[in-house]
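A.B. asks: Sending over a structure as structure tokens; questions will come in a sec.
Nothing in this text is a laboratory measurement; each read-out follows from the coordinates by a stated rule. Just so you know, these numbers come straight off a predicted model, no measurement behind them. Note that each Cβ is placed from the backbone with ideal geometry, even for glycine, and that neighbours are counted across all protein chains shown.
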Amino acid sequence: MAATASAFAPMPIVSRSTTLSGLPEEISDAIAENQAKSERWCEIRLLSDEDAEAQLSGEELESFKAYHADNKADIVKMKGVTELMLKSLELPKIQPKGKKQRKRDKFVLQTKIAAARAAEAAAK
């Protein structure tokens, strides 16, 4: 029974490293290059389209355009999804039928049934 009770105990807190973002103390060339690219991307990611055209060139401009094209497509798709969700939440209110309309509908149904039975009887 003691084993099952300890299964629900909170996990002990593991000591955490004080290094920023989990990077090792000694940075290799590959890690430094990736970190520099990451910092550069943080700078250019939020530029407007006009500023990007003026300031960027080559691979940076291509990656910027691809990133923003994907984001814009995702935003358009999500707007469509939200419109569909809103339509499903706001159902149209239908006026209830009055007594006379219910009687008219019943009469039409009875005449259709009678016509179908007469056609079936005539076919036999």
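A.B. asks: Once phi is turned into ³J(HN,Hα) by the Karplus curve 6.51 cos²θ - 1.76 cosθ + 1.60 with θ = phi - 60°, what whole-Hz value does each residue of the stretch 113-124 show in order, with x for glycine and proline?
C.D. replies: Each residue's phi maps through the Karplus curve to give 5, 5, 5, 5, 5, 5, 5, 5, 5, 6, 6, 7 Hz.
A.B. asks: For Arg45, what residues show an amide H to amide H distance below 5 Å, using hydrogens built from the backbone and excluding near sequence neighbours?
C.D. replies: Placed amide hydrogens put nothing under 5 Å from Arg45.
A.B. asks: Turning to a different aspect of this structure: Ordered by residue, what ³J(HN,Hα) values in Hz, to whole numbers, does the stretch 85-95 give under the Karplus form 6.51 cos²θ - 1.76 cosθ + 1.60, where θ = phi - 60° and Gly and Pro are x?
C.D. replies: Result, ordered by residue: 5, 5, 5, 6, 6, 9, 6, x, 8, 9, 5 Hz.
A.B. asks: Another question about this same structure. How many nm separate the modelled label positions at Tyr67 and Asp29, each set 7 Å beyond the Cα in the direction of the Cβ?
C.D. replies: 2.6
A.B. asks: What number in nm² do you get for the stretch 54-113 if you take the convex hull of its Cα atoms and divide its surface by four?
C.D. replies: 8.7
A.B. asks: Describe numerically, in nm with one decimal, the distance between label points set 7 Å from Cα along Cα→Cβ at Gln101 and at Glu59.
C.D. replies: 6.8
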